[in-house]
Amino acid sequence: MQFIDLASQQARIKKRIDSRIQTVLAHGAYIMGPEVQELEQKLADFCGAKHVLGCANGTDALQLALMALDVGVGDAVFVPSFTFAATAEIVPFVGATPVFVDVDSKTYNLDVNSLERAIRKANALGLRPAAVIPVDLFGLAADYLPIQKLADAHDLKIIADSAQGFGANYHGKCTGTLGDVTTTSFFPAKPLGCYGDGGALMTDDDNLAERLSSLRIHGKGRGKYDNSRIGMNSRLDTIQAAVLLEKLMIYPDEIVARQKAAQYYTEHLEDRFVTPYTPMNQNSIWAQYTLLADDNDRRSNHMARLKEAGIPTGIYYPLPLHQQAAYKNFPCDPEGLPVSEMLSQRAFSLPMHAYLTSDDQEKIIAALLAGN
Ligand SMILES: *Cc1c(COP(=O)(O)O)cnc(C)c1O
């Protein structure tokens, strides 16, 4: 059994992917070829954002967003502690200070009360609150309405890290249209993944889009050798765009399949485990299906028992960022981050993808219930 089954997906669309790749090999425009623009347009149609810009990966997308917003030395950027390191990593990279915020105990997404305390903390430290990076963790959009309210009050920009959440629905809107700019990743294991590294940025802001489009190609100005700012080399490969064009065609259908699989898990596990919570007016795309065990020991027992039965599981994330060697000296919510710490002890994720069979799900559920 696979944790994420990319082979079944490939078998479904292999002919069309092969043909797309052959087209790129024939025209030879490997960098910024026509497939990149075609994909950007189709992603914009899909999510409703005005501008979509491909880039090299989801981490660069976050860094480009900070650069485009002129975030740098003396600035505080608020990030949840319970996330993948890339969310925080790019903040010191541009010279700014990450300030760690706790997550909500039901959604596992950014806790707005903790954000408010962290903003006060940043002010007390003499930092300028500049931006917040809510993460759409495990495929569920963060709670953007209250975040937006707080951001407006404190003049914060919102960079939505939707590496795990592209296509999720929040109060009738699609991720990609929430916040000032949204970033995503096409890393192969993400819900919409390519066959290598890839990423994208989405925004409705014309000015920001223009800056991003320059920054991803060495800060280019009007001409090829005209540099108007310090930028990066962060383009989406044409071949990856070609692969993504075919994957995007089946993505809506795959999202429905993931939602069905998640519902099935929940129906059979909710009496015995803490199952994922989806707030009203939201739809997750289920990048991960994550349970909470009663404690760390019992989590290990569940995972060992599943492994015995040939079922892979994963821990996202075993250590919150504010406790990692690389990040432990940065400021935090002064009341601490107890939910992030609790989740890192108890959360574990089950196989989740669009090609999960009911036989496999039965097997997983039986193995889980056998030990609880
Ligand atoms: C995967 C991921 C990223 C980074 O994406 P890459 O394409 O691997 O650079 C950033 N943030 C979150 C929350 C992620 O899960």
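The values are calculated or read from the model by the stated rules, or taken from the named source; none is laboratory data. Owing to the predicted nature of the structure, the values given are computational and were not obtained by experimental measurement. FYI the Cβ positions are ideal-geometry reconstructions off the backbone, even for glycines, and counts take in every protein chain you see. Calculation scope for accessible area: heavy atoms of the full protein, side chains included, ligands and nucleic acids excluded. Shrake-Rupley method; radii C 1.70, N 1.55, O 1.52, S 1.80 Å.
A few remarks follow.
- In terms of Cα atoms, the Rg and Dmax of region 281-328 work out to 14.1, 39 Å.
- The Kirkwood radius of region 222-309, taken over pairs of alpha-carbon atoms, gives through the Stokes-Einstein law at 10 °C and 1.306 mPa s a diffusion coefficient of 91 µm² s⁻¹.
- Taking the centroid of alpha carbons for each part, region 231-259 and region 41-94 are 18 Å apart.
- Global dimensions of region 44-115 from alpha-carbon coordinates: Rg and Dmax equal 13.8, 37 Å.
- Projected onto its three principal axes, the C-alpha set of region 32-80 covers 40, 22, 18 Å, listed from the longest axis down.
- Couplings for region 284-297, taken from phi via the Karplus curve 6.51 cos²θ - 1.76 cosθ + 1.60 with θ = phi - 60°, read 8, 9, 6, 4, 9, 10, 10, 9, 10, 7, 5, 7, 4, 4 Hz in order; Gly and Pro are left as x.
- For region 236-302, chymotrypsin sites (Phe, Trp or Tyr not before Pro) are listed when DSSP marks them as loop and at most 14 other Cβ atoms sit within 10 Å of their Cβ; the list is TYR277.
- With θ taken as phi - 60° and the Karplus curve 6.51 cos²θ - 1.76 cosθ + 1.60 applied, the whole-hertz 3J(HN,Hα) list for region 12-20 is 5, 10, 4, 4, 6, 5, 4, 5, 4 Hz, x standing for glycine and proline.
- Of ILE4, ILE31, the order by accessible heavy-atom surface (1.4 Å probe, DNA, RNA and ligands excluded), from most exposed downward, is ILE31, ILE4.
- Beta bridges per DSSP with both ends in the chain, % antiparallel, nearest 5: 60 percent
- Convex hull volume per residue in cubic angstrom - Cα atoms of region 236-372: 181 Å³
- Tail weight of P(r) past 23 Å, computed on alpha-carbon pairs of region 1-136, percent: 54 percent
- Amide H within-cut-off set for ALA163, under 5 Å, with H built and near neighbours excluded: ASP136, SER185
- Globularity ratio of region 137-228, using Cα Rg and 2.2 N^0.38 Å: 1.23
- With bins 10 Å wide beginning at 0, the percent of Cα pairs of region 71-172 falling in each bin runs 17, 52, 28, 3.
- Rg to Rh, two decimals, where the chain supplies the alpha carbon set and Rh follows Kirkwood: 0.97
- Across the chain, Cα pairs under 8 Å and at least six residues apart give a relative contact order of 23 percent.
- Globularity index of region 196-249, i.e. its alpha-carbon radius of gyration over 2.2 N^0.38 Å: 1.29
- The loop-placed chymotrypsin sites (Phe, Trp or Tyr not before Pro) in region 156-251, going by DSSP, that have at most 11 neighbouring Cβ atoms within 10 Å of their Cβ come out as TYR225.
- Distance from the Cα centroid of region 288-357 to that of region 123-158 is 24 Å (rounded to whole angstrom).
- Loop trypsin sites (Lys or Arg not before Pro), region 173-233, which have at most 16 other Cβ atoms in a 10 Å radius of their Cβ (DSSP): ARG222, LYS224, ARG229
- Pairs beyond 24 Å (Cα-Cα), from LYS220/LYS247; LYS106/LYS260; LYS121/LYS157; LYS121/LYS190; LYS106/LYS173: LYS220/LYS247; LYS121/LYS190
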